[in-house]
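See structure below.
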Amino acid sequence: MPPMQTQSKLYFWVKSCCNTLILYPMNLNPNPLACFLVLASLLFIQSCKKSNEPETVEIKAGAVVSGMEPVEPPSPLRLVAKQECPDSEPDNCTWVTTSMSLDLNLDGSTDIIFYSQRYANAIAAGPTLKVYPLNGFSFCNKPLQAGATIDDKLSWIETSVASPMLGTPDDNTLAYSFTRWVDGKREQNEWLEPAFFAVRYKAGRRTTYGWVKLKIEDFNKLSVYSWGCQK
């Protein structure tokens, strides 16, 4: 087809679009170049809207998916509260809280922290294992089996501030065994066998997921076997 004919068809197509969409209701004579720029702008805006739509992503517990670099240490990572006994007073020991930090998406920053504690005070006494998310992460505090779906339908916890009441289990408490003077002994641990701890990351309208394979013994002895999170 000759170049002039092609140009003529393009001219009338742009003019027709402009007349129909923009200028016809205003009774104006369209400028083809102006119309082309307007249409190009509309197409660009539409493409931006699509790119900003939230991602609907789901993964399976324990599965390795696109955008994930799983980490599996040669041996499980261990965490447990420790006792400190002064040399001068070997019988006057105190329990010290210990922590384990994980960089789930391997971006160089801590995303979640586990705390192993053992209370011994007038309010409560006993071991506990807590977890706090950081940097846009949240978690589900119920164990999942391999292959279980991890998506936005789970109950997600975003609290990153410690409970002000010692000996009070909250959403951040994964396991505990308290003996309290107000109501006696209370305990719970759903992580006696290796299971998957689900995590979620939100940045703007983008949502991704991950998991940590772990086990808790004696209410505050944590073992982490592996983890993976979409970047």
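The values are calculated or read from the model by the stated rules, or taken from the named source; none is laboratory data. It should be emphasised that the depicted structure is a prediction, and the values quoted were computed from it without experimental measurement. FYI the Cβ positions are ideal-geometry reconstructions off the backbone, even for glycines, and counts take in every protein chain you see.
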Query raised in the report: For the subset of the range 134-188 comprising residues that are more than 20 Å from Met100 (Cα to Cα) and of a type in the set (Lys, Arg), which member is modelled with the lowest pLDDT?
Result: Arg180
Query raised in the report: Residues in the range 86-130 that are in a strand (DSSP E or B), surrounded by fewer than 19 Cβ atoms within 10 Å (Cβ to Cβ) and at pLDDT below 90: how many?
Result: 5
